[in-house]
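The values are calculated or read from the model by the stated rules, or taken from the named source; none is laboratory data. Keep in mind that this is a model prediction, so the values were computed, not measured. Neighbour counts are summed over all protein chains in view; Cβ atoms, including those assigned to glycine, are modelled from backbone coordinates with ideal geometry.
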Amino acid sequence: MRILQLHSEFCSFQRTFKNNTPRTIFWLKEICKYFTKQTGIEYIHEVNIQIVKRWFIQGQSEKQWAAKTIKNRMSALSLFFDWCVNEKHLSENPIKQLPVPRLEKRIPKHLTVAQVSYIIEWIKCRRFRYAYEKSRALAIIAMFIYTGIRLSELLNLKFSDVNFEDNIIFIRSGKGNKDRIIPLIGRLETYLKPYLKERERIQKGNIYFFVSTRKIDGMSYLVVRRLFQIITKEAKIHSYPHLLRHSYAVQMLEGGCDIFTLSKLLGHSDIKTTTIYLTATNAQKQRQAEKHPLY
């Protein structure tokens, strides 16, 4: 059978029985399409260890795939090949014969408090075509800075998910299809309230929290991408949504937040994922180092 036809059946299985999110399904499909296009194979019986191994080696040598990229693509294909084995389309999963690359333990890139503050002040001073665009830009950046929210979560945020009475932000179906609650702090509210006044003029009845000036549904990813491109080019600070998420995590730890609470705020399913940020928190390490008993 054709690989892409089988993969479509596999994705239906994942949606139905594994409750995978649309984003995960899209990711699985893209990797399979990329694999078939790069290897040139079309039918499942053509898959073997030599072809799979050669694809990963070429990706690393010719396209400089990082270890994390290789590991993620191995994971996506392995899920599919395991399903093919269970459905009797393959005799074995060739990915299982390959060693999983060891990931580099690097300190997460992040911005300092001064850099984040500068971005906010720069947006305040920059001229935008409309007042709505400026208030929205400030609200978007503030939301990233003060909540550590993911880009997909920000785009999917509904108007009813932001509760100013109870001071909470409800994140629905985040990564891993998990819900969580983030506190709505006063500093964030000072940037959201002016935006909501402008939003009421533009699209009062829209169900999404962040809206565009023309589209009836939610704000496009392109709006956020353009905003960060402008910040990088004009403010001279290279920035993107996930970098602000890293910055939020590091700055929360520097401010004294415990690792367990931070893990819940970020929506991590495993606290080990959160501990990577401890490597970047110099202020906290300094405070702990000062506790050395020898005078």
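Just to be sure, is Leu188 assigned to a helix (DSSP H, G or I), of a type outside the set (Gly, Ala, Ser) and under 30 Å from Gln14 (Cα atoms)? No, not satisfied. The test for being in contact with a Leu (Cβ under 7 Å, 6 or more places away or on another chain), buried (at least 16 other Cβ atoms within 10 Å of the Cβ) and not assigned by TED's automatic domain parsing to the domain that holds Asn19 does not hold for Ile171. Checked against (1) in contact (Cβ under 8 Å) with a residue 24 or more places away in the chain; (2) surrounded by fewer than 12 Cβ atoms within 10 Å (Cβ to Cβ); (3) in contact with a strand residue (DSSP E or B) (Cβ under 7 Å, 6 or more places away or on another chain), Met219 passes all but condition (2).
For the stretch 136-149, indicate whether the set of residues that are of a type in the set (Lys, Arg), touching a helix residue (DSSP H, G or I) at 6+ places or on another chain (Cβ under 6 Å) and either at pLDDT 95 or above or outside any helix (DSSP H, G or I) (or both) is non-empty. Full working, then the answer.
Looking only at the stretch 136-149, we keep the residues that are of a type in the set (Lys, Arg), and these are 136.
Retained after the next criterion (residues that are touching a helix residue (DSSP H, G or I) at 6+ places or on another chain (Cβ under 6 Å)): 136.
Next, only the ones that are either at pLDDT 95 or above or outside any helix (DSSP H, G or I) (or both) stay: 136.
Yes.
Tell me yes or no: at least one residue of the stretch 141-156 is more than 28 Å from Asn19 (Cβ to Cβ) and without any contact (Cβ under 8 Å) to a residue 12 or more places away in the chain. So far as the stretch 141-156 goes, no, none of its residues is more than 28 Å from Asn19 (Cβ to Cβ) and without any contact (Cβ under 8 Å) to a residue 12 or more places away in the chain. Restricted to the stretch 56-96, and to residues there that are β-branched (Val, Ile, Thr) and in contact (Cβ under 8 Å) with a residue 12 or more places away in the chain, the residue that is farthest from Ile3 (Cα to Cα) is Ile70.
Taking the stretch 111-121 only, how many residues are over 19 Å from Leu227 (Cβ atoms) and in contact with a helix residue (DSSP H, G or I) (Cβ under 7 Å, 6 or more places away or on another chain)?
Quick first cut of the stretch 111-121, residues over 19 Å from Leu227 (Cβ atoms) only: 112-114.
With in contact with a helix residue (DSSP H, G or I) (Cβ under 7 Å, 6 or more places away or on another chain) added as a condition, the list becomes 113.
Counting residues in the stretch 111-121 that are over 19 Å from Leu227 (Cβ atoms) and in contact with a helix residue (DSSP H, G or I) (Cβ under 7 Å, 6 or more places away or on another chain) gives 1.
Scanning the stretch 185-233 for residues that are under 17 Å from Asp161 (Cα atoms) and of a type in the set (Val, Ile, Thr) yields Ile185, Ile207, Val211.
Here are Ile237, Ile231: which of them is closer than 29 Å to Arg287 by Cα and over 18 Å from the mean Cα position of the chain (by Cα)?
Numbers: Ile231 fails: closer than 29 Å to Arg287 by Cα.
One residue alone meets the criteria, Ile237.
Table: residues versus (1) assigned to a loop (DSSP other than H, G, I, E, B); (2) touching a His at 6+ places or on another chain (Cβ under 8 Å); (3) without any contact (Cβ under 8 Å) to a residue 40 or more places away in the chain.
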{"position": "Lys215", "(1), (2), (3)": "yes, no, yes"}
{"position": "Leu227", "(1), (2), (3)": "no, no, no"}
{"position": "Arg245", "(1), (2), (3)": "no, no, no"}
{"position": "Tyr248", "(1), (2), (3)": "no, no, no"}
{"position": "Met252", "(1), (2), (3)": "no, no, no"}
{"position": "Gly256", "(1), (2), (3)": "yes, no, yes"}
{"position": "Tyr277", "(1), (2), (3)": "no, yes, no"}
{"position": "Lys291", "(1), (2), (3)": "yes, no, yes"}
